[in-house]
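The values are calculated or read from the model by the stated rules, or taken from the named source; none is laboratory data. Everything numeric in this text was worked out from a predicted model, so none of it was measured. No Cβ is skipped: glycine too gets one built from the backbone with ideal geometry, and neighbour counts run over all protein chains shown.
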Amino acid sequence: MVTRTSIGPASASPRRHSRTHPALVFGLTALLAGAGVTALSGTADAASTLGSAAAGKGRYFGTAVAANHLGETPYVSTLDTEFGSVTPENEMKWDAVESTRNSFTFGAADQIVGHAQGKGMKIRGHTLVWHSQLPGWVSGLAAGDLRTAMNNHITQVMQHYKGQIHSWDVVNEAFQDGSSGARRSSPFQDKLGNGFIEEAFRTARAADPAAKLCYNDYNTDGVNAKSNAVYAMVKDFKARGVPIDCVGFQSHFNSASPVPGDYQTNLQRFADLGVDVQITELDIEGSGTSQATSYGNVVKACLAVSRCTGITVWGVTDKYSWRSSGTPLLFDGNYTKKPAYDAVLTALGGSGSGSGGGTAACSVSYSKATEWSDRFNGTVTVTAGGSAISGWSTTVTVTPPQKISATWNGTPTWDSGGNVMTMKPNGNGTLAAGASTSFGFTVMKNGSGAAPTLGACTAS
Ligand code: G2I
């Protein structure tokens, strides 16, 4: 039941009028919105983004990017707004850049690099020597030829991007899962032996001395047999002067493989060897608060390790994730921020409107409804964020000598000048997550047709 109130400051010449039924106001609002009438947004400004908040902590915050999505406007705007670093998801892999021996195709990778450079983003290189996405011709080579091909591949690719890549995953996933601590079988391992990793790093240093050279792997995120084996290799490399600058922890998590309790401890022990550590492919399957908590814990662990220089999530939006059914990323398929986004931003020390998913939040928007020669009606829509709210409050400011002469669907109070109205719910202000309500008011123009301005929406 819609109640109409007529409350205003003493000087507001309250008047009642019953010509406009609220349902008509709604209808007109929808029509006007459909006709492109601008609605003022009173949402509290996002004071920060993932990239800028991380930069405030001396870190980068990046994402994997696929070249074939760079034509999609919301993909690109989310990328450009939120992230300070990119990793080509597939475009720099061996099968993408050298599918035929010594014939290099950099088109898709160059597209990502060019976009990133245009926006001042850093670029991670991924990846030079990996058993997967490896063209058949490589696996067919005999040892001597394979060594030549590996070194040529590293050199050609790194020289193409010389000076443009902040960190390269030189060798990816060279260790076995499980308790053996052994190297994974691959053409490189099987034909060249353990020494292929060292050789790859030495070749990489010569090709682009400015790039940080990383070893990158998964299931090495906590202290376990696999990470112990990588640790021993890095320790040996540092002791013998083999050029290695960083270790990448992919950090693909789900309920079967959650964020380890000793995640920070593990990052720290590698950092203590004298290498940087980077979180390189972060994604965490799940949703809501539990996913948000895990994301927050990963970010906090990185911030607690001074040599943890940056975090990359493995994609912009759930819909393009390599495991999209697990909804593992920070933006959903509509590019809406998830509670996990809020948790990351908060852990990075940032603040913003976020998804509204973990804390009470709301947003407001204004549209003009019916207008007469001497007055117009306005409608403000109040929308709850990602969680339910039990109350809300916002302000509507009109330009004197305008006066608000009537209101409906809310309980107003007024500042002493009478031109700032604070509006709260009539009685129960409960709104479910994402649900909307609206209130309305009449502005007496007194010569001015100026649109009112809205303050931020405050939820409780
Ligand atoms: O598997 C997740 C990641 C594990 N660490 C290394 C990363 O490089 C790896 O990324 C994934 C990409 O996210 C996927 O997009 O690597 C996969 C391949 O191992 C990528 O999948 C491939 C599909 O298997 C191909 O069928 C497809 O043509 O992506 C290709 C390009 O869309």
_Test result for residue 137, in contact with a Lys or Arg (Cβ under 6 Å, 6 or more places away or on another chain) and of a type outside the set (Asp, Glu)_ = yes
*What pairs can you find where one residue is in segment 86-100 and without any contact (Cβ under 8 Å) to a residue 60 or more places away in the chain, the other is assigned to a helix (DSSP H, G or I) and within 9 Å of the ligand (Cβ to nearest atom), and their Cβ atoms are less than 9 Å apart, with a gap of 6+ or different chains?*
88/96; 90/96
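Conditions (1) on the phi < 0 side of the Ramachandran plot; (2) away from the ligand (no atom under 13 Å from the Cβ); (3) of a type in the set (Lys, Arg); (4) at pLDDT below 95, marked per residue:
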| position | (1), (2), (3), (4) |
| --- | --- |
| 275 | yes, yes, no, no |
| 282 | yes, no, no, no |
| 285 | yes, no, no, no |
| 288 | no, yes, no, no |
| 294 | yes, yes, no, no |
| 299 | yes, yes, no, no |
| 307 | yes, yes, yes, no |
| 312 | yes, no, no, no |
*For segment 230-241, does any single residue satisfy the condition of being within 16 Å of the ligand (Cβ to nearest atom) and either buried (at least 19 other Cβ atoms within 10 Å of the Cβ) or part of a loop (DSSP other than H, G, I, E, B) (or both)?*
yes
*Does residue 322 satisfy the criteria of being more than 16 Å from the ligand (Cβ to nearest atom) and of a type outside the set (D, E, K, R)?*
no
*Might you let me know whether segment 330-338 holds any residue that is under 30 Å from residue 426 (Cβ atoms) and either modelled with pLDDT under 95 or hydroxyl-bearing (Ser, Thr, Tyr) (or both)?*
yes
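One line per residue, one yes/no per condition, for (1) buried (at least 20 other Cβ atoms within 10 Å of the Cβ); (2) more than 14 Å from the chain's Cα centre (by Cα):
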residue: 272; (1), (2): no, yes
residue: 278; (1), (2): yes, yes
residue: 285; (1), (2): yes, yes
residue: 292; (1), (2): yes, no
residue: 295; (1), (2): yes, no
residue: 302; (1), (2): yes, yes
residue: 308; (1), (2): yes, yes
residue: 317; (1), (2): yes, no
residue: 324; (1), (2): no, yes
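Considering only residues that are in a strand (DSSP E or B) and without any contact (Cβ under 8 Å) to a residue 60 or more places away in the chain, which ones fall in segment 173-226? Full working, then the answer.
Within segment 173-226, the first condition is being in a strand (DSSP E or B), and the residues that meet it are 175, 183, 212-217.
Matches in segment 173-226: 175, 183, 213, 215, 217.
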_Residue check for residue 68: more than 16 Å from the chain's Cα centre (by Cα), within 15 Å of the ligand (Cβ to nearest atom), within 22 Å of residue 324 (Cα to Cα) and not in a helix (DSSP H, G or I)_ = no
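Please work out if residue 386 is over 30 Å from residue 335 (Cα atoms) and either over 39 Å from the mean Cα position of the chain (by Cα) or at pLDDT below 95 (or both). Don't jump to the end; show me each part of the working.
On the way: over 30 Å from residue 335 (Cα atoms): no; either over 39 Å from the mean Cα position of the chain (by Cα) or at pLDDT below 95 (or both): yes.
Considered against the rule, which asks whether it is over 30 Å from residue 335 (Cα atoms) and either over 39 Å from the mean Cα position of the chain (by Cα) or at pLDDT below 95 (or both), residue 386 comes out as no.
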*Of these, 199, 173, which one is among the acidic types (Asp, Glu), over 31 Å from the mean Cα position of the chain (by Cα) and either more than 16 Å from the ligand (Cβ to nearest atom) or buried (at least 21 other Cβ atoms within 10 Å of the Cβ) (or both)?*
199
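Given the criterion among the basic types (Lys, Arg), within 10 Å of the ligand (Cβ to nearest atom) and at negative phi, identify the matching residue among 122, 93. Spell out how you get there, then give the answer.
Details: 122 fails: within 10 Å of the ligand (Cβ to nearest atom).
Just a single option satisfies the conditions, and that option is 93.
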*So which of 270, 237 is closer than 23 Å to residue 131 by Cα and touching a residue at least 24 places away in the same chain (Cβ under 8 Å)?*
237
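State which residue is farthest from residue 371 (Cα to Cα) when the search covers only segment 399-420 and only residues that are part of a loop (DSSP other than H, G, I, E, B) and touching a strand residue (DSSP E or B) at 6+ places or on another chain (Cβ under 9 Å).
If we take residues in segment 399-420 being part of a loop (DSSP other than H, G, I, E, B) and touching a strand residue (DSSP E or B) at 6+ places or on another chain (Cβ under 9 Å), then 415 is farthest from residue 371 (Cα to Cα).
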_Sole exception among (1) under 28 Å from residue 338 (Cβ atoms); (2) in contact (Cβ under 8 Å) with a residue 40 or more places away in the chain; (3) out of contact with any Asp or Glu (no Cβ under 9 Å at 6 or more places or on another chain) for residue 439, by number_ = (1)
*Give the residues of segment 271-301 that are part of a helix (DSSP H, G or I) and touching a Cys at 6+ places or on another chain (Cβ under 9 Å), sorted by residue number.*
271, 301
